[in-house]
1. Given the conditions (1) touching a residue at least 60 places away in the same chain (Cβ under 8 Å); (2) over 30 Å from L251 (Cα atoms); (3) β-branched (V, I, T), report the number of the one that I527 does not fulfil.
2. Can you spot a residue in segment 302-315 that is charged (D, E, K, R) and under 30 Å from P168 (Cα atoms)?
3. Modelled with pLDDT of 90 or more, touching a Phe, Trp or Tyr at 6+ places or on another chain (Cβ under 9 Å), assigned by TED's automatic domain parsing to the domain that holds Q217 and buried (at least 16 other Cβ atoms within 10 Å of the Cβ): which single residue out of S339, S367 fits that description?
4. Looking at L245, L263, L251 in this structure, which one is closer than 30 Å to A323 by Cα and in contact with a Lys or Arg (Cβ under 7 Å, 6 or more places away or on another chain)?
5. Mind checking whether some residue in segment 482-502 is under 27 Å from Y460 (Cβ atoms) and of a type in the set (S, T, Y)?
6. Can you pull out every residue in segment 184-218 that is surrounded by fewer than 15 Cβ atoms within 10 Å (Cβ to Cβ) and part of a helix (DSSP H, G or I)?
7. Among the residues in segment 212-228, are any farther than 22 Å from I382 by Cβ and within 53 Å of the chain's Cα centre (by Cα)?
8. Looking at segment 494-518 only, could you name the residues that are surrounded by fewer than 18 Cβ atoms within 10 Å (Cβ to Cβ) and under 17 Å from the mean Cα position of the chain (by Cα)?
Amino acid sequence: MQAFTVDTDVGVIRIVFGLMSPRLAQAISFQCRGMNVTASREMHINRQDNQFLSPQSVLIVPRFILALILISITPWCVVGQDNARHSMATIDKLIANLADATQSSETRLQNPTASDPGDVASSAHRLVRPAAQSVIVTKESSDTSQTAKGVRSFSLNELEGMAFQHNPTLSQALARMESSRGTQVQASLYPNPVVGYHATEIGNLGTAGQQGAFFSQRLITAGKLGLDHAIAGKDVDEAHFRFHLQEQRVLSDVRMRFYDAQLAQQRFKLTTELMRIGERLVNSTKKLIAGRQGTENDLLQAEIKADESFILCDNARNQQIEAWRRLVAVVGVPDLAMSPLSGEFDGDLPSFDWESCYAMVLDGHPSLKVARVRLERAVVMIQRARREPIPNVDLMFSNRKHNVTRDHVSNIQIGIPIPIFNRNQGNIRSAEAQWMAARDEIKRIELDLQDRLAIAYRQYANSRQRVDRYKDRMVPKAKRSLQLVTLGYEKGQVEYLTLLTAQQTYLRVSLSYLDSLRELRSAAAFIDGQLLSGSLTVQH
């Protein structure tokens with residue numbers, strides 16, 4: 001058995017650098033003193049048993065590599081005082097990282113079950129530079145993680161179904177429609193007859209006079225009951241269209257708030273990663289300052305960016321909570337716990353033009369249907385007002401016993417009002433004015449819809465343009481830039497601060513892309529919902 005240590009090798013390195021630069025040798029000696037404790041462990045090679053190096057021998061390999069590096073850069077280090085200082089700082093960083101990696105390697109060797117054996121062989125790759133963590137967020141990763149954790153997610157269709165069941169405004173609209181049906185039934189009912197007791201000439205010749213009963217009925221003429229039934233039927237139609245109008249409001253609100261909540265979740269994930277990058281940037285800047293490669297201003301700028309990232313993350317979290325609370329409020333289940341939302345937030349993006357939007361909004365709009373029904377109702381109201389002067393007939397029949405003559409006496413009475421003074425001319429004039437107002441209301445609604453559609457379409461067109469530019473140009477460029485910087489960093493060609501800057505740029509571009517997506521989804525859902533929203537607001 002043959003044993004050897006690395007003390008001699010470390011001493012050779014110390015002597016070589018002592019000949020070249022005293023300060024450099026002092027720094028190397030200071031770093032190597034921490035190495036000798038571990039490096040002095042003996043590595044045994046049992047040639048008879050044909051065994052390779054023991055696991056402890058892995059710790060020696062980085063030291064020989066370091067020795068070769070130091071010897072190769074020694075002539076360059078002594079060229080000038082500034083180069084020497086830069087060399088010392090570089091070597092200090094190398095040795096410090098090497099010592100940390102050596103300590104972690106020893107820990108893993110003492111506990112081989114704590115990590116994969118392959119990690120020991122690949123530890124030399126991670127000795128000097130921090131690992132380049134991926135910050136590229138994909139849709140698949142977010143959805144899969146939630147499924148893997150077993151957390152239930154909600155789709156848009158599920159939330160729409162829940163809203164139809166629990167939103168109180170829909171039950172209110174349904175109750176109003178049922179109320180109008182009851183009014184229609186009541187409007188077509190005929191007046192009830194009147195039956196009563198009739199007595200006259202009481203006390204005549206000491207008798208009870210005439211005692212009997214009577215029956216009276218009002219006969220409605222000129223089809224007035226049919227017109228009343230038709231007017232009430234128009235009220236039923238209006239309530240029916242208002243129910244569908246409220247349904248569309250609920251659907252629009254659920255869709256817009258679903259996309260708001262979904263994109264708020266994605267925004268919170270990105271801002272959380274941006275906050276972590278800000279923390280790593282501050283820590284890396286502190287290490288550079290410790291190695292005399294950074295300035296105080298660099299640290300202040302890094303801390304400012306980190307604080308901005310914290311603010312963005314806190315705001316994104318609050319925005320996520322707000323979006324979820326608004327979503328479950330319009331669904332009608334306010335105590336529903338916050339859960340992930342399924343579906344691709346940037347898939348199947350709508351594509352509209354002005355003509356299609358104009359036709360989609362105005363054709364079959366519930367408000368226009370309500371206005372047209374009210375116009376039809378105004379026409380019937382004019383007819384009803386003009387029929388009102390036609391008199392109804394009051395019929396009465398009575399039968400009495402005449403106690404003086406012991407005879408039975410009958411009486412028939414028919415009465416009609418004569419429309420001399422009141423010909424219902426005021427109500428006719430009012431009904432005609434209401435018809436003109438209802439006619440102009442249709443035009444007003446069309447113009448109002450066009451006015452609001454112009455604003456909504458402008459928001460949609462702007463957001464669509466931004467989304468297309470972000471999706472097709474800016475996000476791929478930022479992603480490609482991050483990939484190139486990451487690759488250069490792994491090869492040692494790019495500094496760590498440059499990598500963090502590229503990560504921040506990618507995440508900020510992604511955040512702007514999410515904001516544009518949210519505006520696009522909201523505008524598209526608002527247009528697709530025929531400019532109807534505000535389902536929880538009292539509609540006058």
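The values are calculated or read from the model by the stated rules, or taken from the named source; none is laboratory data. The model shown is predicted, which means the values in this text are computed figures rather than measured ones. Methodologically, a virtual Cβ is constructed for each residue, glycine included, from the backbone with ideal geometry; neighbour enumeration extends over all protein chains shown.
1. Here I527 meets the rest and fails (2).
2. Checked against the condition, which is being charged (D, E, K, R) and under 30 Å from P168 (Cα atoms), segment 302-315 yields no hits at all.
3. Every option except S367 fails the conditions.
4. Answer to the check: L263.
5. No, segment 482-502 contains no residue that is under 27 Å from Y460 (Cβ atoms) and of a type in the set (S, T, Y).
6. V185, Q186, N204, L205, G206
7. Taking every residue of segment 212-228 in turn, none turns out to be farther than 22 Å from I382 by Cβ and within 53 Å of the chain's Cα centre (by Cα).
8. If the condition is that a residue be surrounded by fewer than 18 Cβ atoms within 10 Å (Cβ to Cβ) and under 17 Å from the mean Cα position of the chain (by Cα), then L511, S512, D515 are the ones that fit.
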